[in-house]
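Trainee: Please see the structure below; I have some questions.
FYI, it's all coordinate maths here, none of it is from the lab. Predicted model, so just to flag it, every value in this text is computed and none were measured. Cβ placement follows ideal geometry from the backbone for every residue including glycine, while neighbour counts extend to all protein chains displayed.
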Amino acid sequence: MSKFFKRIGKRIVAGLVMILAVSSFTFFLVHFMPGNPVQTKLNTLIEEGIPPLQAQAQVRSMYGFIPHQPLYIQYFHYVWQVLHLNLGKSISYSGVPVMHLLLKAMPWTVIMVLTGLAVSFIIGITAGVIASVKRNSKLGDGLLLLSTFLHGIPQFIMALGLAYVFTTIFKIFPFGAPYNAAISPGFTIPFIGSLARHAVLPIAAYAISGFGAWALTMRASVTSVLGDDYILAAELRGVTPSIRLRYIARNAMLPLFTILTLSVGFMFGGSIFIETIFDYPGLGYTINTALAARDYPLMDGAFLMITAAVIIATIVADLLYTVLDPRIQRI
Amino acid sequence: MATANLPTSHEHIKPWTPPTFWSIAWKALRRKPSRMLGLGILVFYVLMAVFGPMLYPANLPTNPANIYASPSWAHPLGTDFEGTDVLALIVTGSRYVLYSAGLAAFFTVSIGAILGLVSGYFRGWPEAIIMRIADFFLTVPGFPLLVVLSTVWNFGNPVSMGLVLGLTGWAALARAVRSQTLSLRERSFVEAARGLGLSRRQIVFGEVFPNTAPYVAMHFLLAITGSIYLEVGLFFLGVVPFSTNNWGVMLNLAFSQAGAMYSTRALPYLLSPLFCIMSLTFGIVLFLGAVDEVLNPRLRSV
Amino acid sequence: MGADLKVIGNADQDAQVECQIRDLTVTFTTDSGEFPALNHVNLDIIKSKITAIVGESGSGKSTLGLAILNGVAFPGKVTEGSVDFAEHGNVLKLRGKALRHFRGPVVGTVFQASQNAMNPLARVGKQILDLGRSHHYKDPRKLLHEAENLARRMAMDPSRVLTAYPHQLSGGMRQRMGIIMALVLKPKVLLLDEPTTALDLLTQSAVLEIIRSIHRERHLTTILITHDMGVVAEISDYIVVMYAGRVVEQGSTHETLRDPRHPYTRAILRAIPRLTGDLNRARPLEGSPPDLTQIPATGCVFRSRCSYRVPQCDLVAPILESVDTGHFVACHQEGLIRD
């Protein structure tokens with residue numbers, strides 16, 4: 001078991017180094033930004049008549065920077081704060097902690113993307129299995145063509161297309177808000193119904209644009225497993241089709257679980273387009289509105305959060321693989 | 001070629017010559033009509049980008065009296081919210097899209113191939129450093145990174161756009177080229193080249209690189225489609241300030257300014273750039289099949 | 001149905017036929033045309049004996065093995081002929097469940113790539129239980145007990161190998177596991193496709209010894225597909241020599257090795273270096289193994305590599321004819337071939 005922990009330990013250290021690298025990146029990004037926003041903010045505060053010391057304290061809590069300290073001290077201060085999950089304060093939301101805003105945005109992204117991911121994964125791998133098993137027939141060719149086609153459509157085009165068809169041409173679904181503002185939020189049936197109705201199109205956009213990749217990957221994986229000796233051997237030993245299918249499925253799914261875990265990590269940042277097009281207040285939407293409002297602490301915080309999710313997912317994917325594949329040494 | 005003039009009656013004694021690259025390429029293209037279609041689409045858009053803008057004045061005329069016109073002979077794709085001809089916008093906008101996507105692919109492939117070759121062949125500390133940086137770019141989600149970068153770098157012009165996409169997009173190729181180089185450097189022909197006393201640069205670029213070239217060429221075409229999505233996406237979100245007209249800008253204006261989502265009259269205005277992006281990338285994907293076959297001899301039919 | 005298969009000209013009067021193959025033709029369809037992998041093969045597999053099927057790669061011996069299981073898969077197809085088993089009739093007509101219960105309980109198979117013939121994600125014991133479930137075994141414990149006994153016989157620790165994943169076993173152990181998985185359902189026919197190819201010499205002889213003793217003990221009918229003449233000479237009773245999809249010579253092993261009549265058989269026997277004797281006498285087989293796409297449509301398939309070739313060989317394909325009791329050769333010049 002020690003080898004296993006060593007491996008995981010190594011992964012966690014690598015992840016921490018990566019988070020350090022990304023936070024350094026955002027630090028220097030803000031610091032070397034044209035017109036240095038930190039210094040500008042400090043100057044405005046002083047001009048507004050706030051005493052210099054108090055102005056410095058304000059800037060410090062906002063950006064996590066101490067303007068008059070040497071660069072390396074500012075840097076360590078910033079990284080130290082990041083490691084304590086203190087991402088500074090938002091500018092456009094007048095001093096609300098960035099972490100607070102991000103935690104509020106996260107459920108929107110997570111629920112929408114997780115549902116979309118689950119739908120596209122399930123439909124995609126089913127289509128992939130069929131496309132592979134029936135690869136010498138019209139059905140298989142058709143599924144391959146469909147997957148390739150959908151895989152080729154970028155997410156924002158899919159989202160725009162769906163929005164246009166189902167909200168403008170056919171007014172089936174509402175557009176442009178996470179829920180109907182006329183219904184007061186709460187744990188009530190109309191409110192949840194409204195949430196669901198508004199979530200259909202974003203989820204569909206995410207699911208349809210993800211479907212192609214799952215189907216193509218699964219098709220390739222199943223095709224490769226079908227050519228493996230043990231599947232033919234099982235058939236010639238008279239093993240029942242259902243048991244054989246289990247052999248095929250488990251072996252073909254193995255590489256896909258890793259990709260799935262990574263997708264969960266990448267999902268936080270993968271939906272800027274969908275969230276923007278459908279006005280869905282998740283993390284991607286937050287990045288985009290923060291950018292428009294020049295709210296750099298909020299934007300950098302969201303970016304750090306998105307990257308951290310990917311790093312954590314990489315570690316989990318590695319762990320999962322060790323658990324699922326007996327061929328990886330665990331002793 | 002001199003042999004081409006030989007009388008045909010001698011054909012049966014003509015020694016067998018290996019087919020030229022172009023004859024193989026032509027054969028691969030002809031094997032499937034979809035590949036010819038792909039090539040046709042590519043040529044069409046390249047011609048549009050190179051010569052199209054010459055047909056229009058530098059500043060396209062606006063006509064407040066004729067906004068959101070339906071398609072007609074005068075305006076085959078209708079007009080936009082200022083009364084400008086949509087077809088003219090598409091044609092003049094194509095140059096930016098193709099030019100910057102081509103540059104982006106060029107930078108991606110150059111950086112990726114060189115860093116991959118260097119880290120795979122020289123090993124040691126260059127490899128360690130390059131691969132750590134590659135890890136960074138592979139981990140950090142690409143599009144949010146571009147959004148954040150846009151705050152310090154106004155990369156709206158085509159060259160900067162190409163450069164920024166290249167600088168952030170090389171990591172996957174570098175990893176692939178590195179692992180190919182790692183296996184190639186142990187092969188006998190590379191060892192022979194070392195034995196002959198060729199310089200390391202000659203070995204890397206003369207012996208190792210040609211063997212990774214097929215993969216790099218494939219990646220070039222894929223990088224073009226990827227870059228088109230990214231740049232159009234950046235303009236669509238309004239992350240990068242508009243300097244020139246292009247398809248992404250059109251989408252942005254159709255979506256956020258023209259209110260295309262709330263009325264069907266702007267349909268041609270919204271649909272035209274969408275159709276162009278889709279058909280161009282499909283052209284590339286179809287064409288890719290032929291390139292794959294030419295570069296991977298195993299796929300060629302007997 | 002087909003219960004009474006007739007024995008054609010066998011020296012052994014008591015011999016019974018377990019499996020009778022008639023006119024079996026398998027065609028492979030590719031982009032460049034159709035190629036016969038098996039061409040009108042006629043063969044009797046004698047009950048309770050070891051029949052060796054010998055040939056180079058491309059001779060069609062593995063395709064013959066698959067056809068016996070009715071397992072020829074795309075792009076190959078059985079276009080003609082029958083494979084009759086004493087109590088099961090023509091297996092080429094079996095479908096679905098009937099076919100499934102023929103494979104395994106009637107014919108146990110050890111595969112060519114037996115190293116990789118187990119699911120890498122399931123423990124070996126679990127895979128044996130899967131076999132039991134597939135063939136409606138009432139008592140799984142009995143099946144595992146049988147597997148344990150077999151493992152012990154093959155000098156493996158049952159508690160270790162049955163709880164292991166395939167990758168935790170050595171190549172030789174996986175090979176022996178393959179034999180166990182073939183025998184655990186107690187079949188009456190054992191089909192072995194190159195069972196010793198990937199093994200070192202010591203393991204190879206140990207595995208052969210196990211096969212021979214179980215064959216005797218269970219009165220199995222054993223079909224051994226191999227390219228290794230040494231293995232053939234060591235354990236088989238009958239030998240069938242194949243070349244380019246045709247049977248070119250068949251007979252009892254003793255008789256055939258003592259007096260080979262087909263130029264091809266003679267050539268492969270000459271190619272074996274012997275420990276005793278002059279190494280210089282071993283002569284490699286000239287020419288290259290048959291290529292499915294290059295087999296001539298008319299005449300003898302071996303003629304391009306044959307030193308006894310006469311004009312007749314280009315025109316007429318020789319048919320398998322009896323040269324002695326139970327010894328058949330397909331060669332026009334057979335009568336002239338003498339040392």
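Trainee: Which of A:Gly161, A:Val225, A:Ala292 sits farthest toward the positive end of the charge dipole of chain A, with +1 on the Cβ of Lys and Arg and -1 on the Cβ of Asp and Glu?
Mentor: The one lying farthest along the dipole's positive direction is A:Val225.
Trainee: Please give the peptides C:20-32, B:99-111, B:194-206 ranked by average Cβ packing (other Cβ atoms within 10 Å per residue), highest first, as a rough proxy for protection.
Mentor: Numbers: C:20-32: 16.3, B:99-111: 21.9, B:194-206: 12.5.
Packing proxy ranking, top to bottom: B:99-111, C:20-32, B:194-206.
Trainee: Output wanted: per-residue J couplings in Hz (rounded whole) for the stretch C:309-326, from phi through Karplus 6.51 cos²θ - 1.76 cosθ + 1.60, θ = phi - 60°, x for Gly and Pro.
Mentor: Using θ = phi - 60°, the values come out as 4, 10, x, 4, 4, 6, 9, 10, 6, x, 9, 5, 10, 6, 10, 7, 5, x Hz.
Trainee: Please list B:87-98, C:160-171, B:277-288 highest first by mean number of surrounding beta-carbon atoms within 10 Å per residue.
Mentor: Answer by packing, highest mean first, reads B:87-98, B:277-288, C:160-171.
Trainee: Determine, from the Cβ-Cβ distance of C:Thr29 and C:Asn90 and an R0 of 25 Å, the FRET efficiency 1/(1 + (r/R0)^6), rounded to the nearest 0.05. List each step's numbers first, then the result.
Mentor: Values: r = 23 Å, r/R0 = 0.91.
Once the sixth-power term is evaluated, E becomes 0.65.
Trainee: At a Cα cut-off below 28 Å, give the lysines reachable from B:Lys27, other chains included and same-chain residues fewer than 8 away excluded.
Mentor: A:Lys138, B:Lys14
Trainee: Return the average number of partner chain Cβ atoms within 10 angstrom of each residue Cβ along peptide B:129-141.
Mentor: If you average over the peptide's residues, the count of other-chain Cβ atoms is 4.
Trainee: Place the peptides B:35-41, A:191-197 in order of packing, highest mean first, counting for every residue the other Cβ atoms within 10 Å and averaging per peptide. It would help to have the intermediate numbers written out before the result.
Mentor: On the way: B:35-41: 16.7, A:191-197: 14.7.
The packing order, highest mean first, is B:35-41, A:191-197.
Trainee: In which sequence would C:Glu18, B:Glu82, C:Glu209 go, from the one with the fewest C-beta neighbours within 10 Å to the one with the most?
Mentor: Numbers: C:Glu18 24, B:Glu82 16, C:Glu209 12.
Starting with the residue having the fewest Cβ neighbours, the order is C:Glu209, B:Glu82, C:Glu18.
Trainee: How charged is the neighbourhood of C:Gln115? Take every other residue with its Cβ under 10 Å from the Cβ of C:Gln115, and add Lys/Arg as +1 and Asp/Glu as -1.
Mentor: Around C:Gln115, the surrounding residues sum to 0.
Trainee: On average, how many beta carbons from a partner chain sit within 10 Å of the beta carbon of a residue in A:225-233? Could the numbers behind the result be given before it?
Mentor: Working: counts 0, 0, 0, 5, 8, 11, 2, 6, 14.
Across the residues of A:225-233, the mean count of other-chain Cβ atoms within 10 Å is 5.
Trainee: Still on this model: List the aspartates and glutamates whose Cα sits under 16 Å from the Cα of C:Lys47, skipping any in the same chain fewer than 8 residues away.
Mentor: Hits, sequence-local ones excluded: C:Asp4, C:Asp12, C:Asp14, C:Glu18, C:Asp84, C:Glu87, C:Glu217, C:Asp237.
Trainee: Hey, another quick one. What's the local net charge at B:Leu138, with K and R +1, D and E -1, over the other residues with C-beta under 13 Å away?
Mentor: On the way: positive: B:Arg132, B:Arg175, B:Arg178; negative: B:Asp135.
Taking every Cβ under 13 Å from that of B:Leu138, the sum is +2.
Trainee: So in the protein assembly as shown, which Cys have no other cysteine's beta-carbon sitting under 4.7 angstrom from theirs?
Mentor: So far as the 4.7 Å Cβ criterion goes, B:Cys276, C:Cys19, C:Cys306, C:Cys331 stand without a partner in the protein assembly as shown.
Trainee: Going down the table (A:Lys134/C:Lys93; A:Lys89/A:Lys171; A:Lys134/C:Lys138; C:Lys61/C:Lys138), which pairs top 29 Å between alpha carbons? Mind showing how you got there, number by number?
Mentor: Working: A:Lys134/C:Lys93 24 Å; A:Lys89/A:Lys171 40 Å; A:Lys134/C:Lys138 35 Å; C:Lys61/C:Lys138 36 Å.
Violating the 29 Å limit, Cα to Cα: A:Lys89/A:Lys171; A:Lys134/C:Lys138; C:Lys61/C:Lys138.
Trainee: Also, quick follow-up: Suppose every K and R has +1 on its Cβ and every D and E has -1 on its Cβ; what is the size of the dipole of the stretch A:232-311 about the Cα centre, in Debye to the nearest 20?
Mentor: On the way: 5 positive and 5 negative charges, 129 e Å.
It works out to roughly 620 debye.
Trainee: Using r as the Cβ-Cβ distance of B:Leu37 and A:Leu139, and R0 as 25 Å, what FRET efficiency do you calculate, to the nearest 0.05? Write out the running numbers ahead of the final one.
Mentor: Numbers: r = 24 Å, r/R0 = 0.96.
E between B:Leu37 and A:Leu139, to the nearest 0.05, is 0.55.
Trainee: Quick one: net charge of C:Ile223's neighbours, Cβ under 13 Å, K/R +1, D/E -1? Numbers along the way, then the final one.
Mentor: Details: positive: C:Lys47, C:Lys49, C:Lys61, C:Lys188; negative: C:Glu18, C:Asp44, C:Asp193, C:Glu194, C:Asp237.
For residues surrounding C:Ile223, the net value is -1.
Trainee: Whole-Å semi-axes of the protein assembly as shown's equivalent ellipsoid, largest first, each the root of 5 times a Cα gyration tensor eigenvalue? If you can, show how the numbers build up before the last one.
Mentor: Working: eigenvalues 884, 239, 164 Å².
After diagonalising the Cα gyration tensor, the semi-axes are 66, 35, 29 Å.
Trainee: For chain A, rounded, prolate or oblate, judged on the Cα gyration tensor with a ≥ b ≥ c (square roots of eigenvalues), a/c < 1.5 rounded, else prolate if a/b > b/c? Write out the running numbers ahead of the final one.
Mentor: On the way: a/c = 2.93, a/b = 1.58, b/c = 1.85.
Oblate is the answer for chain A, as a/c is 1.5 or above yet b/c matches or exceeds a/b.
Trainee: Under 1.5 on a/c is rounded, so check that first for the stretch C:105-158, then, if it is not, pick prolate when a/b is larger than b/c and oblate when it is not; a ≥ b ≥ c are the square roots of the alpha carbon gyration tensor eigenvalues. If you can, show how the numbers build up before the last one.
Mentor: Numbers: a/c = 1.40, a/b = 1.12, b/c = 1.25.
Rounded shape, in that the Cα axes give a/c under 1.5.
Trainee: Using the charge dipole of chain B (Lys, Arg: +1 at Cβ; Asp, Glu: -1 at Cβ; taken about the Cα centre), state which of B:Gly162, B:Leu138, B:Asn59 has its Cα farthest towards the positive end.
Mentor: The Cα lying farthest towards the positive end belongs to B:Leu138.
Trainee: Roughly how tilted is helix C:171-183, in degrees to the nearest 10 and between 0 and 90, from the longest Cα axis of chain C?
Mentor: Helix C:171-183 sits at roughly 90 degrees to that axis.
Trainee: Between the stretch A:188-208 and the stretch C:18-48, how far is it from one alpha carbon centroid to the other, in angstrom?
Mentor: Going from one Cα centre to the other spans 61 Å.
Trainee: Checking the a/c ratio against 1.5 first, then a/b against b/c, what shape does the Cα gyration tensor give for chain B?
Mentor: Details: a/c = 3.01, a/b = 1.45, b/c = 2.08.
Since a/c reaches 1.5 but b/c is at least a/b, the shape of chain B is classed as oblate.
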